[in-house]
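Written out below as structure tokens is the structure these notes cover.
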Amino acid sequence: MSIMERPVFVDDKLREVRQSGRLEYRSRSLPTWCPGCGYFSIVEGVTYACNEMGIAKEQAVVVSGIGCSSRFPFFVDLFGFHTLHGRVLPVATGVKTANDKLTVIAVGGDGDGFAIGGGHISHAAKRNVDITYLLFDNGIYGLTKGQTSPLSAVGLRTSTSPFDNPEQPLNPLMMVLAYGASWVGQAYAGRPDHLREMITKAIAHRGFSYLHILSPCVTFDKTSKTYVNLGLRVRELPSGHDATDLMAALRQARDQESLAIGLYYQESRPTLNATFEQLVAKAGGGR
Ligand SMILES: Cc1ncc(C[n+]2csc(CCOP(=O)(O)OP(=O)(O)O)c2C)c(N)n1
Ligand code: SF4
Ligand SMILES: [Mg+2]
């Protein structure tokens with residue numbers, strides 16, 4: 001039997017997506033994630049957003065680092081670039097800078113983004129690179145079998161913190177707001193309807209959009225960021241929240257006990273590519 005004739009296994013989820021007409025953006029590779037992993041909702045969210053926005057497949061690129069989360073490009077039928085651990089944002093910045101017409105979606109885990117790659121977020125945010133960064137936060141290193149990450153909760157027991165993690169986690173939303181990201185939001189994999197709306201809005205934003213996605217690692221974290229715990233802690237942002245008020249966004253982000261989902265902050269300012277255009281004009285050149 002040739003490779004072309006090889007039967008493609010179709011699971012219930014894929015069949016459902018196919019019937020809904022949304023298969024277009026799903027690849028033929030079924031996700032290799034553990035059953036129950038929160039990341040499945042994110043694939044569904046991205047394919048939903050692509051359908052909603054009518055994004056042409058050849059005009060979109062998904063760039064990832066390394067981690068379970070960074071397997072993402074294999075599971076969507078868009079151009080993909082599986083880069084190095086922690087290097088998703090420099091590569092995504094390069095892709096966007098080279099071709100402003102592309103929709104660029106950067107994806108990666110909490111370890112990828114806030115440990116080894118932590119130095120890159122500030123630069124992408126301050127430059128207002130017109131990309132969307134979906135940060136999959138399971139508070140652990142999933143791919144390497146469950147080590148403590150900079151976003152792990154105090155008290156989490158892992159192979160690298162066998163006497164329970166004594167360290168306070170970083171506050172990623174406060175960091176990204178302080179870095180000057182022009183769109184900052186939070187969503188939860190256990191609320192897929194809300195998640196997909198947030199992914200759509202993040203992609204629609206012109207500038208650096210950062211969506212923090214709380215997502216359980218069902219295999220290596222049985223106590224901290226589980227569906228039960230997150231389900232109890234997640235709340236909506238207050239209905240009167242003003243997304244143009246940076247201080248209000250920071251106040252909401254400061255609360256790490258109850259975790260508010262929604263759009264924290266949004267502003268409009270020139271993107272990196274627009275700045276380059278101005279620079280070229282100033283220098284008297286043309287492209
Ligand atoms: C330079 C380098 N250092 C370390 C690793 C080992 N490594 C692979 S994935 C990973 C962490 C993955 O955690 P996270 O980014 O949170 O993704 P998750 O698997 O949880 O989705 C590490 C430390 C690597 N691949 N490359
Ligand atoms: S190890 Fe954790 S993060 Fe990785 S696929 Fe399994 S549940 Fe998901
Ligand atoms: Mg992780």
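Quick rundown of the values:
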{"read-out": "Under Karplus coefficients 6.51, -1.76 and 1.60, residue-wise ³J(HN,Hα) of segment 207-220 in Hz, glycine/proline x", "value": "x, 7, 10, 10, 10, 8, 10, 6, 8, x, 9, 6, 8, 10"}
{"read-out": "By accessible area with a 1.4 Å probe, ligands and nucleic acids excluded, highest first: order of H241, H85", "value": "H85, H241"}
{"read-out": "Antiparallel %, DSSP beta bridges [both residues in segment 22-282], to 5", "value": "20 percent"}
{"read-out": "Fluctuation leader among S161, S182, S69 - the chain, Gaussian network, Cα springs under 10 angstrom", "value": "S161"}
{"read-out": "Ranking by accessible area, most exposed first, for E267, E257, E44 with a 1.4 Å probe", "value": "E257, E267, E44"}
{"read-out": "Label-point separation in nm, E58 to T32, each point 7 Å along Cα→Cβ", "value": "3.0 nm"}
{"read-out": "In Å², nearest 10: area of C34 left accessible to a 1.4 Å probe", "value": "60 Å²"}
{"read-out": "For V234, residues with placed amide H under 5 Å, excluding near neighbours", "value": "L259"}
{"read-out": "Sparsely packed trypsin sites (Lys or Arg not before Pro) within segment 74-153, loop by DSSP, other Cβ within 10 Å at most 10", "value": "K101"}
{"read-out": "Distance violations [Cα-Cα > 27 Å] among K101/K145; K57/K201; K126/K225", "value": "K101/K145; K126/K225"}
{"read-out": "T158 long-range amide H proximity, modeled H, under 5 Å", "value": "D164, N165"}
{"read-out": "DSSP H segments from the chain that extend 20 Å or more along their own axis, Cα-based, with Kyte-Doolittle mean of -1.0 or above", "value": "39-53"}
{"read-out": "Phi-based couplings in Hz for segment 184-189 (Karplus 6.51, -1.76, 1.60; Gly and Pro marked x)", "value": "9, x, 9, 9, 9, 4"}
{"read-out": "Proximal aspartates and glutamates to K222, defined as alpha-carbon separation beneath 19 angstrom and excluding residues fewer than eight positions away on the same chain", "value": "D110, D137, D164, E167, E257"}
{"read-out": "FRET efficiency for K101 and L246, using Cβ-Cβ distance with R0 set to 22 Å, rounded to 0.05", "value": "0.10"}
{"read-out": "Accessible surface, per residue, of the chain when the full set of protein chains is kept, probe 1.4 Å, Å²", "value": "47 Å²"}
{"read-out": "Cα-centre dipole for the chain with unit charges at Cβ (Lys and Arg positive, Asp and Glu negative), debye to 20", "value": "420 debye"}
{"read-out": "Carbon/sulfur fraction of accessible area - the chain, other protein chains in place, 1.4 Å, %", "value": "56 percent"}
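The values are calculated or read from the model by the stated rules, or taken from the named source; none is laboratory data. Just so it is clear, the structure is predicted and the values come from calculations on it, not from any experiment. Glycine gets a Cβ as well: all are built from the backbone with ideal geometry, and neighbour counts include every protein chain shown. Heavy atoms of the whole protein, side chains included, go into the accessibility calculation; ligands, DNA and RNA do not. Shrake-Rupley method; radii C 1.70, N 1.55, O 1.52, S 1.80 Å.
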